[in-house]
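Data block below; observations after.
A short reminder: the numbers here are calculations on the coordinates, not readings from a lab. Given the structure is predicted, the values throughout are model-derived calculations rather than measurements. Positions of Cβ are generated from backbone atoms using ideal geometry, with glycine treated the same way; all protein chains shown enter the neighbour counts.
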Amino acid sequence: MAQSLETLSRRITSMQGIRGVVHTMKSLSVINAAPYEQAARAIEAYHETVLTGLHAFLSQSGPVTEEGPGNATRIVVVFGSDHGLCGNYNEALAEHVGAHINADTDAENTVLCIGAQMESALSDLGLAVEETFFPPASVDGIGRLANLLTQKLDDLRRARRPHDISVTLAYFARSEQGGQTPKIDALLPLNPDLVRDLQSKPWVSRSLPRFSMQPGDLFLSLIRGHLFASLFRAAAEALVTENAARLALMQQAEQSVDDKLDALKSDTRALRQSEITTELLDVIIGFEALKNDRRSGRDTK
């Protein structure tokens, strides 16, 4: 359909406004990802301290025996997003979680999720969510969320005594190629390889570690620290990948808008040139007609 210069000009102005919004969202994604990435690195130092404490405990307490995962209630913590503009972030992770849960139909599952949109994605797959938590809106909110989740897991453990619980984290993490990949991390029971390594690792110090707390209380305190650090890191990692997904989507949108702007500008140039050509032809035709009229007038004389 033919368009006027005025219509094309309005469309170009509209697309330039959209491009400005997309560029702003792209910039915000880059800015927001940086503090979450720093938080993910910072919690590693705390986690190392917790593992050192666990190493000290195991070096003095001897082997730790835990109830096997077959007798435990499986709790899956799924980290989603409510901020939008990140594609099928929630749906893709929900499908991965659904495949993981359905692989063992005999296990009793309790699902905790972060984000109402993730809850909807899980519900669409027929997975019931026991409780939904608000995703953090800033770096400070990651600690709040990790504390709430740690307390919730502690409450679930008490409610299911004498049976134990197994805890699994599901979130998107960064891949080596710079993209994102879904991760399913078994958090509890403790990885047997981790416990074995800590027990066999020599304590490098002239002084042996000592503790005054009851061994059971100290062990639970260390496990809570391990849970908190792991939950904190998973939440931070999920926010980094969420912003990375939003950045990739905004880059695609920006390219699409640029292509559309180029097409509109090309149409504008072509239409302007066509109008100029038409006006020139009108002038030439009018000049030729006037010249013919003058010749006809001279001939009649």
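Worth a mention:
- Stretching the chain fully between THR181 and TYR46 yields a gain of 46.1 nm (0.36 nm per residue, less the alpha carbon separation).
- Across the chain, the relative contact order, built from alpha-carbon pairs under 8 Å that are at least six residues apart, equals 31 percent.
- Fewest-first ranking of SER29, SER274, using other Cβ atoms within 10 Å as the exposure measure: SER274, SER29
- Restraint check, LYS26/LYS260; LYS183/LYS260; LYS26/LYS183, Cα-Cα greater than 28 Å: LYS183/LYS260
- Phi-based couplings in Hz for the stretch 46-61 (Karplus 6.51, -1.76, 1.60; Gly and Pro marked x): 5, 5, 4, 5, 4, 5, 5, x, 5, 4, 4, 5, 5, 5, 10, 9
- For CYS86, CYS113, order by how many other beta-carbon atoms lie within 10 Å, fewest first: CYS86, CYS113
- Among beta bridges identified by DSSP and lying wholly in the chain, the antiparallel ones come to about 35 percent.
- Between the stretch 141-183 and the stretch 86-108, the alpha-carbon centres lie 15 Å apart.
- With neighbour counts taken as other beta-carbon atoms within 10 Å, the residues ARG144, ARG233 rank, fewest first, as ARG144, ARG233.
- In order along the stretch 91-102, the Karplus-derived 3J(HN,Hα) couplings, from 6.51 cos²θ - 1.76 cosθ + 1.60 at θ = phi - 60°, round to 5, 5, 5, 4, 5, 5, 5, x, 5, 5, 5, 5 Hz, and Gly and Pro are given as x.
- For THR110, the residues whose modelled amide H falls within less than 5 Å of its own, excluding neighbours fewer than 5 places apart on the same chain, are ARG74, ILE75, VAL76.
- Relative to the current alpha-carbon distance between ALA128 and THR278, full extension at 0.36 nm per residue lengthens the span by 47.2 nm.
- Helix-derived mean residue ellipticity, 222 nm - over the chain, DSSP H n ≥ 4, -39500 (n - 2.57), to 500: -23500 deg cm²/dmol
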